[in-house]
Every structure is written in C-alpha cells, then in structure tokens.
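A short worksheet on the structure shown next.
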Amino acid sequence: MLRSLVGSEMCIRDSIESIRTVGEVNALRDKGGFTLFAVDAQPEVRYGRILARKSATDEVSLDKFKADEQLEMRSDDPNKQNLLGCMQLADVRLCNDGGVDQLEAAVDQAMEALGVSV
C-alpha cells in the first residue's frame, strides 16, 4: 500500500496507519506535504486493550507483551520495524492513555494547530 501511495498524489486528508519503519517515514517525507503523528499509550494501557479484544493471538502475559514490544522498538536497518525511531521522527506526538473521545479531541486540536480544518 505504501509503495502505491508514494508513487501517486496524496490528498491533504489521506492517512496511513501503522507506519513502523524509518524507511517508510523517509519515503513519505520525500513526497512532501507529509505530517507524521505518533500515537502512543503506556504499555499497561495497550496490554489492557489487547486483552479486551479477546483475540487468540493476544493471549500473552504482560511480561511477554513488553518483551515482544522491545523487539519492535529499535533497528539500524531503515526497512525493519523501528517504532522508537518513527516516534522520534514524528511531527506531532499524542498520548492515547484515555478514551476515544480524548484521542479524537487531541487529534482535532493538533489538526487545527497545523491549519487543517476539522
């Protein structure tokens, strides 16, 4: 999906979720007109959310969840998962420890600060 978007025109309201590599960020920045939002929550909050969705693949302990997450956080290869590197490159950082309404309000506020009407 990213490859096809990078090769085409993007609209001001286009959004791509789950950007996980620095290479993806760089490709989108090269296109211009790109703003990266990093949305994060405390590990315990994210863990509670995966338990609530009750997927068989999410049946892990909190310790295993945190260990797996650490494997995804860093890489020197720009084409490998590097969540921390992507978050450090973000133009806007949002905390998602609250509910959906709080996140939507934070996104609206960030968009308005960027001069995008919501």
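A compact table of results
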{"item": "Count of the stretch 52-63 residues which are of a type in the set (S, T, N, Q) and in a helix (DSSP H, G or I)", "result": "1"}
{"item": "Among residues of the stretch 75-92, those that are in contact with a Gly (Cβ under 8 Å, 6 or more places away or on another chain) and either aliphatic (A, V, I, L, M) or open to solvent by 80 Å² or more (accessible area, probe 1.4 Å) (or both), counted", "result": "1"}
{"item": "Subset tally (residues that are open to solvent by less than 80 Å² (accessible area, probe 1.4 Å) and under 16 Å from the mean Cα position of the chain (by Cα)) for the stretch 51-74", "result": "3"}
{"item": "Qualifying residue in the stretch 64-72 (condition: within 28 Å of ALA27 (Cα to Cα), modelled with pLDDT under 95 and not in a helix (DSSP H, G or I))", "result": "no"}
{"item": "Verdict on GLN109 being under 24 Å from ARG29 (Cα atoms) and surrounded by 12 or more Cβ atoms within 10 Å (Cβ to Cβ)", "result": "yes"}
{"item": "Selection count, the stretch 78-118, where residues are touching a residue at least 40 places away in the same chain (Cβ under 8 Å) and either part of a helix (DSSP H, G or I) or closer than 24 Å to VAL22 by Cα (or both)", "result": "21"}
{"item": "Residue, farthest from ARG93 (Cα to Cα), within the stretch 1-58, restricted to residues that are of a type in the set (Val, Ile, Thr) and at pLDDT 90 or above", "result": "ILE50"}
{"item": "Restricting the stretch 29-50 to residues that are part of a loop (DSSP other than H, G, I, E, B) and open to solvent by 70 Å² or more (accessible area, probe 1.4 Å), the residue that is farthest from ALA106 (Cα to Cα)", "result": "GLY33"}
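The values are calculated or read from the model by the stated rules, or taken from the named source; none is laboratory data. As the structure is a prediction and not an experimental result, all values here were calculated from the model. For neighbour counting, all protein chains shown are included, and Cβ atoms are generated from backbone atoms with ideal geometry for every residue, glycine included. All accessible areas refer to the heavy atoms of the entire protein, side chains included, with ligands and DNA or RNA removed. Shrake-Rupley method; radii C 1.70, N 1.55, O 1.52, S 1.80 Å.
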